[in-house]
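A short write-up of the structure that comes next.
The values are calculated or read from the model by the stated rules, or taken from the named source; none is laboratory data. Nothing here was measured: the structure is a model prediction, and the numbers come from that model. Here the Cβ is made from the backbone with ideal geometry for all residues, glycine too, and neighbour counts use every protein chain on show. With ligands, DNA and RNA removed, areas are computed over all heavy atoms of the protein, side chains included. Shrake-Rupley method; radii C 1.70, N 1.55, O 1.52, S 1.80 Å.
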Amino acid sequence: MRSLILVLALLGCAHAQDECHPRQFEYDSVVCVCDSTYCDQPGIIEFPAEGSYTAVTSSRDGLRFNVETLPVSSEEDPGAVEVTLDRGNTIQTMIGFGGAFTDATGINVNSLPTEAQDLLLRSYFAPEGIGYNLCRIPIAGCDCSTRPYSYDDVEGDVELEYWSLTEEDYQYKIPLILQAQELSSQEIKFFGSPWSPPSWMKTNGMFNGSGELLKEMWQPWSEYFVKFVDAYEEQGIPLWGLTPQNEPLSGFQDWRWNTCGWTAEDMRDWLKTNLGPTLEAAGMRRLKMMVDDFNRDTLPAYVQPMLEDPDCAQYIDGTAVHWYSDRYVSANVLDETQALDPEKFILYTEACQGYDVEGPLSVMLGSWARAEDYAHYIIESMNHFSTGWVDWNLALDMQGGPNWANNFLDATIIVNAEEGEFYKQPLFYALGHLSKFVLPGAQRISTTTTQSTLDVASFLDTAGGTVVVLLNRDDNELDVSVNDGSGIYVNHRLPAKSLQTILY
Ligand SMILES: *[C@@H]1O[C@H](CO)[C@@H](O)[C@H](O)[C@H]1NC(C)=O
């Protein structure tokens, strides 16, 4: 029954730029199948002429970036849910959207035929794709690698004489990043994050488990960052930013994969006495330094000591947040963090579905429920100062790996190497509804709605266009009437369980 509805829905979507080749697995929606010969791309979607609006829709029942252009109205639809935009109330300026060039990403992309690799990277980075422009690069290995490693695994090499990039950089990261840069029509901003220092620099002598950086390694570990930034720049990949440590508080637990524990006070002292001055001396103060790089539940307590100490705060540009506790912790902590220093930004730097389950549920092919849940939190974070969203692995395999610590995860694109195919998950479209339309420099504007199952965030782009992102979590169609106070109304019907971007 569901597949019949899907077929009908797809036949009805006359305006789609490039149709999704749907395939249903055992979940509530479909993946879009791509291979060496075909991949659906939304194409370039422009703002419509005055007097019209463009609505781009994806839905559980099979729409994927379905484009319609319709006239705006001069009257509110009296029966509709009101969505009220306050164009005069601009809040944060957006930085971007993207994902991470992990080793697992490179391994999976490389496992496809060359033409399919190209279509995969185009899907993310080309103007006809979803226009990713903000990407994370793990500094050496993380769990999404096939082994734990650093750039200097020669015990006791405090002068970093044996420091070097690894085979993973040359095979899995650098070539893909260079290709992404070539495909993109924008500047892609890259930031690096380390999971663990070399094990010999740590109190426990291991990449994982519970351990901190030895105090006498505070300076060598700072020099290590400079070497990374230089090495990537030499490869043609200039960095835009850094986080000093991925998930620092995980390093005090018996963590299964690469980590390093930092208390907020030690992090503050290391940043102000070692890492900050070292980067500055190397001419790298331009790099955006984003602290915490961990879940909401650490906020605002973890960043408070750093932001309250001017000697440390001078080296900090923003707070990096991971998604994994958003379900349990109110978004008010983001507001509290922003209030600590309104000059510094908040940015989501890691998120993925499937992190909280084991086994076959790590990857749920075609799950709209996961995409909806994800989009709900992306929109919520935008409404609480986040300047963007950086998804985790750009591509994982059918199991959600590879991952040396068996921490299998879901991803926006799943690669089926055996068939030479890759699958665009509903999650891909969820991200795309923002990344393709909410461009760097856009300003989020205050927006309200009267319906609890409708999530909405709105933006003014740099050319003055309005971008409204709507998520209908209800199982029924929903009529909305968007009112920005200018006398123009966008009266539109959202399908059941759908995500929509309205441009006007
Ligand atoms: C840490 O990694 C090693 C492999 O390098 C593994 O044997 C060990 O179980 C890991 N520790 C934890 C706490 O998972």
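So the values come out like this:
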item: Kirkwood hydrodynamic radius (C-alpha pairs) into Stokes-Einstein, the chain, 10 °C and 1.306 mPa s, D in µm²/s; result: 69 µm²/s
item: Nearest-ten-degree value, helix 368-382 long axis tilted from longest Cα axis of the chain; result: 70 degrees
item: Solvent-accessible area of Lys424 with every protein chain in place, 1.4 Å probe, in Å² to the nearest 10; result: 0 Å²
item: Under-24-angstrom lysine pairs by C-alpha in the chain, whenever the two are 8 or more apart or on separate chains; result: 24
item: Ranked by how many other beta carbons lie within 10 Å on average, peptides 86-97, 178-189 from highest; result: 86-97, 178-189
item: Separation in nanometres of the label points that stand 7 Å from Cα toward Cβ, at Ile91 and Thr263; result: 3.5 nm
item: Residue-span extension gain [Ala339 to Ser486] - 0.36 nm each, minus C-alpha spacing; result: 49.8 nm
item: Estimated 222 nm signal from helices in the chain, with DSSP H stretches of n ≥ 4 weighted -39500 (n - 2.57), rounded to 500; result: -6500 deg cm²/dmol
item: Protection proxy ranking of 234-244, 483-493 - average other beta-carbon atoms within 10 Å, highest first; result: 234-244, 483-493
item: Gap separating the Cα centres of segment 225-267 and segment 374-414, nearest whole Å; result: 19 Å
item: In Hz, Karplus ³J(HN,Hα) per residue of segment 307-321 (6.51, -1.76, 1.60; θ = phi - 60°; x = Gly, Pro); result: 6, 7, 9, x, 5, 8, 4, 4, 9, 10, 10, x, 10, 9, 10
item: Gap separating the Cα centres of segment 186-209 and segment 96-110, nearest whole Å; result: 17 Å
item: Per-selection metrics, segment 295-389 (Cα): Rg and Dmax in Å; result: 15.0, 49
item: With every protein chain in place, the chain: carbon and sulfur % of accessible area (1.4 Å); result: 48 percent
item: Contact order normalised by residue count of segment 55-197, Cα under 8 Å, 6+ apart, percent; result: 27 percent
item: Relative contact order %, segment 170-213, counting alpha carbon pairs below 8 Å whose residues are six or more apart; result: 20 percent
item: Surface accessible to a 1.4 Å probe, per residue, for the residues of segment 94-441, Å²; result: 31 Å²
item: Taking segment 94-441 and dividing mean pair separation by its residue count, relative contact order in percent (alpha carbons under 8 Å, at least six apart); result: 21 percent
item: Peptides ranked, highest mean first, by Cβ atoms within 10 Å: ranges 434-443, 149-158; result: 434-443, 149-158
item: Hydrodynamic radius (Kirkwood) for segment 402-504, which is based on Cα pairs only, to one decimal in Å; result: 15.9 Å
